[in-house]
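K.L.:
Quick one: the structure is below, questions incoming.
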Amino acid sequence: MGRGRVTIGLYNSYDASKFREPHRRAIARAGGLATSFDMNLALFGFPFPEDISTPVELASWIAGTTSIGSHGDYFVDLAEMGRFHSFPYPSKGFPPQLGEAVLTTSKPDEKRAVTPRQVADMVLGGRSVLLVFGLGPHGVPKTAASIPKYNLDITGGRYSLETCTAVGAVSGALHALLDQ
């Protein structure tokens with residue numbers, strides 16, 4: 001059995017009506033991490049211009065105004081490899097083609113809690129996973145946070161991390177566990 005894929009999922013809970021600098025910076029950083037650690041990137045609920053129709057066009061538009069990730073080149077590379085997608089907010093579930101959704105949170109539901117080792121074992125066992133990160137001061141809203149079957153607290157101590165810090169910590173930890 002082959003290895004599953006890991007997708008970094010950014011859920012926009014910052015501003016649903018206007019694309020802002022925090023969106024741009026978080027996406028560029030996540031794109032660099034996804035490229036570096038051989039992961040995919042999916043965005044949920046981001047307000048992009050209507051005239052942008054493909055993932056490569058979107059990545060180029062975002063990359064054109066950032067110095068992060070080799071001036072956005074890593075993010076564009078990811079899109080050109082077909083490993084970046086954008087979706088509307090999920091209403092009943094996250095896209096199943098992205099794998100088993102795992103909410104990253106500092107307040108895991110104990111019944112849904114998993115460790116980084118358990119997530120890595122899912123991937124090594126052939127299951128793909130979608131790591132859901134909330135972008136904004138309140139994280140993923142309760143309705144969307146109730147969708148994933150699993151909750152992951154990367155700190156193990158319920159410490160709240162800023163989104164980009166959390167994306168880096170989770171991505172790096174999983175990459176290390178998968179690369180042993």
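The values are calculated or read from the model by the stated rules, or taken from the named source; none is laboratory data. Quantities reported herein were computed from a predicted structural model and do not represent experimental measurements. Positions of Cβ are backbone-derived with ideal geometry, glycine not excepted, and every protein chain shown enters the neighbour counts.
K.L.:
With (1) over 22 Å from residue 25 (Cα atoms); (2) modelled with pLDDT under 95; (3) charged (D, E, K, R) as the list, and residue 51 as the residue in question, which single condition is left unmet?
P.N.:
(1)
K.L.:
Given the criteria surrounded by 11 or more Cβ atoms within 10 Å (Cβ to Cβ), in contact with a helix residue (DSSP H, G or I) (Cβ under 9 Å, 6 or more places away or on another chain), closer than 13 Å to residue 11 by Cα and of a type in the set (A, V, I, L, M, F, W, C), does residue 103 qualify?
P.N.:
For residue 103, the condition - surrounded by 11 or more Cβ atoms within 10 Å (Cβ to Cβ), in contact with a helix residue (DSSP H, G or I) (Cβ under 9 Å, 6 or more places away or on another chain), closer than 13 Å to residue 11 by Cα and of a type in the set (A, V, I, L, M, F, W, C) - is met.
K.L.:
I'm trying to understand the selection: among the residues of segment 160-179, which are surrounded by 11 or more Cβ atoms within 10 Å (Cβ to Cβ) and over 17 Å from the mean Cα position of the chain (by Cα)?
P.N.:
Residues satisfying the conditions are 176, 177, 178.
K.L.:
So, in segment 82-91, how many residues would count as being at pLDDT 90 or above and farther than 15 Å from residue 27 by Cβ?
P.N.:
Within segment 82-91, residues that are at pLDDT 90 or above and farther than 15 Å from residue 27 by Cβ number 4.
K.L.:
Considering only segment 38-60, how many residues are closer than 23 Å to residue 178 by Cα and in contact with a Phe, Trp or Tyr (Cβ under 8 Å, 6 or more places away or on another chain)?
P.N.:
First, pick out the residues of segment 38-60 that are closer than 23 Å to residue 178 by Cα: 38-42.
Subset that is in contact with a Phe, Trp or Tyr (Cβ under 8 Å, 6 or more places away or on another chain): 40-42.
Selection size over segment 38-60: 3.
K.L.:
Another question about this same structure. Is there any pair with a first residue in segment 125-144 that is surrounded by 11 or more Cβ atoms within 10 Å (Cβ to Cβ) and a second that is aromatic (Phe, Trp, Tyr) and modelled with pLDDT under 95 whose Cβ atoms are under 6 Å apart and which are 6 or more apart or on different chains, and what are they?
P.N.:
From segment 125-144, the pairs are 135/14; 136/14.
K.L.:
While we're on this one: Right, residue 161: touching a Ser or Thr at 6+ places or on another chain (Cβ under 8 Å), of a type outside the set (S, T, N, Q), under 17 Å from residue 30 (Cα atoms) and not in a strand (DSSP E or B) or not? Reasoning before the result, please.
P.N.:
On the way: touching a Ser or Thr at 6+ places or on another chain (Cβ under 8 Å): yes; of a type outside the set (S, T, N, Q): yes; under 17 Å from residue 30 (Cα atoms): yes; not in a strand (DSSP E or B): yes.
Yes; evaluated as a whole, the condition is true for this residue.
K.L.:
Is it the case, given these coordinates, that residue 34 is touching a residue at least 12 places away in the same chain (Cβ under 8 Å), within 25 Å of residue 138 (Cβ to Cβ) and either of a type in the set (Gly, Ala, Ser) or not in a helix (DSSP H, G or I) (or both)?
P.N.:
yes
K.L.:
Being at pLDDT 85 or above and under 16 Å from residue 12 (Cβ atoms) is the filter here; which residues of segment 59-81 pass it?
P.N.:
none
K.L.:
Also, quick follow-up: Restricting the search to segment 76-101, which residues are closer than 18 Å to residue 35 by Cβ and under 13 Å from the mean Cα position of the chain (by Cα)?
P.N.:
Hits for segment 76-101 are 83, 84, 85, 86, 98.
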